[in-house]
Amino acid sequence: MKLTKIILRHLKMRMKSPFTTSFGSFQDKEFLLLEAIDDNGLSGWGESVAFHIPWYNEETVKTNWHMLEDFLIPAILNKEISHPDEVSDIFSYIRKNNMAKSTVEGAVWDLYAKEKGISLAAALGGQKEEIEAGISIGIQETVEDLLRLIDGYANEGYKRMKIKIKPGWDVKVLREIRKRFPEVPLMADANSAYTLEDIDLLKALDEFDLMMIEQPLASDDIVDHARLQKEIKTPVCLDESIHSYEDARKAIELGSCKIINIKIGRVGGLTESKRIHNLCREHGLPVWCGGMLESGIGRAHNIALTTLDNFILPGDTAGSSRYWERDIIEPEVVVENGWIKVPDKPGIGYEPNYDTIKEFTVFEKSFT
Ligand SMILES: [Mg+2]
């Protein structure tokens, strides 16, 4: 295949409710969409999961635009590609910027599957016809608010609840949840809010029978996490610390975690995601697919990836209506009794809605 034209769009979509991070709250989600068109006029789609502020990692919408415009798109335009695995080799001379790289790579995978006339899930080697949906709930004003949300999502059938924790919003909150929902599959994501100084508190979380605690320590650490995992029963899951197959290999060797959250953007694409998935399977570590408040395009990629067999634990992938009044794909992603049906149409299996995309586009540029 040859990408003869690429359209890069900067979108701004209003979420149903504000999202709170250490930088504060935001409700308008800004992100980049990349449409890659091949010499037969077929389009493949990729989404950048970088946020407009560098709270999750160092990449932003703006740094992604720069990387794509000045380096990644020129490196791939009009180049003959026989398989999407080649994209990471083409980009290998560029350090990091994984989310920017993944934006192009995701579009190439979609296009590759469309050219073959198979679903993206099938192109990746996935077998599942449906995947379990999980929900991620941010820090709320009150514990009561949180309990009400959990109750609602449990009634919708979501297979696991993930809550965000931080110092001051942890033991007390989890105790209340367990009192009200003793059986609900529950996990806690700390987004690096603790250090080894908090080890007693982290040990105290063992009593809540959590499926895992996600990224309790520093975002660039695997050494302290190994020490922590030896001290606590709750399985440690790494998110921010794992950027590549090599990071995963080292974390497994050190015993830094028992579970890995794979985010396609964080590790630079679907090819690397699959390599990490296979490595974890060899070592008996289950994986799951993390979410970044994606629009339907990114969500579709997550669904396809989750069809691989070692995605044993429910991920962050929820229905479109969890975040959006109106998504940019048709049909929208729907959760029924906690399950999402994997589309079997070619590529990502959902149709991008050009009218809706246009409505949310702030700026676009074509490259030929
Ligand atoms: Mg996380």
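Values in this text are rule-based calculations from the coordinates and carry no lab data. In this text the structure is predicted, and so the values were computed from the model without any measurement. Glycine also receives a Cβ, built like all others from the backbone with ideal geometry; neighbour counts cover every protein chain displayed.
Brief remarks on what is shown
- Signed unit charges on C-beta, dipole axis of segment 203-332, positive-most listed residue Leu254, Met211, Ile232: Leu254
- Segment 123-350: relative contact order in percent, alpha carbon pairs under 8 Å with at least 6 residues between: 23
- Extension gain, Glu330 back to Glu282 (0.36 nm per residue minus Cα-Cα distance, nm): 13.6 nm
- Shown in residue order for segment 152-168 are the 3J(HN,Hα) couplings computed by the Karplus curve 6.51 cos²θ - 1.76 cosθ + 1.60 at θ = phi - 60°: x, 5, 4, 5, 6, x, 4, 7, 7, 10, 10, 10, 7, 10, 7, x, x Hz (x for Gly and Pro).
- Protection proxy ranking for 117-125, 287-295, 212-220, using the average of other Cβ atoms within 10 Å per residue and placing the highest first: 287-295, 212-220, 117-125.
- Two-decimal ratio, segment 154-255, of alpha-carbon radius of gyration to 2.2 N^0.38 Å: 1.08
- For the Cα trace of segment 123-350, dividing Rg by the Kirkwood Rh returns an Rg/Rh value of 0.96.
- Computed from backbone phi with θ = phi - 60° and the Karplus coefficients 6.51, -1.76 and 1.60, the 3J(HN,Hα) list for segment 135-148 is 10, 10, 10, x, 5, 9, 4, 9, 5, 4, 4, 5, 4, 5 Hz; x is used for glycine and proline.
- When the chain is treated as a GNM with alpha-carbon contacts under 10 Å, the residue of Arg148, Arg249, Arg227 showing the greatest mean-square fluctuation is Arg148.
- Between the helical axis of 245-254 and the longest alpha-carbon principal axis of the chain there is an angle of about 20 degrees.
- Beta bridges per DSSP with both ends in the chain, % antiparallel, nearest 5: 65
- Computed over segment 87-201, Kirkwood Rh from alpha-carbon pairs, angstrom: 17.8
- For the chain, the longest principal axis of the Cα atoms and the long axis of helix 98-116 meet at an angle of about 60 degrees.
- Given charges at Cβ of Lys, Arg, Asp, Glu: segment 54-118 dipole, positive-most of Pro54, Ser92, Phe71: Pro54
- Using the Cβ of Glu272 as centre and a radius below 14 Å, the other residues enclosed give a net charge of +1, where K and R count +1 and D and E count -1.
- Under 5 Å, built H, 5+ apart or other chain: amide partners of Gly347: Lys114, Ile118, Ser119, Leu120
- The chain: calculated mean residue ellipticity at 222 nm from DSSP helix runs of at least 4, using -39500 (n - 2.57): -9500 deg cm²/dmol
- Cross-linked pairs Lys5/Lys358; Lys2/Lys358; Lys79/Lys114; Lys29/Lys159; Lys101/Lys365; Lys16/Lys274: Cα-Cα separations exceed 28 Å for Lys16/Lys274.
- With N the number of residues in segment 1-106, Rg(Cα) / (2.2 N^0.38 Å) evaluates to 1.14.
- Applying the Karplus relation 6.51 cos²θ - 1.76 cosθ + 1.60 with θ = phi - 60° to segment 351-368 yields 3J(HN,Hα) values of 8, x, 8, 4, 5, 5, 4, 4, 4, 9, 7, 8, 7, 8, 8, 9, 10, 10 Hz, where x marks Gly and Pro.
- The chain, dipole about Cα centre (Lys/Arg Cβ +1, Asp/Glu Cβ -1), debye to the nearest 20: 120
- Compactness relative to 2.2 N^0.38 Å, alpha carbon Rg of segment 258-368: 1.15
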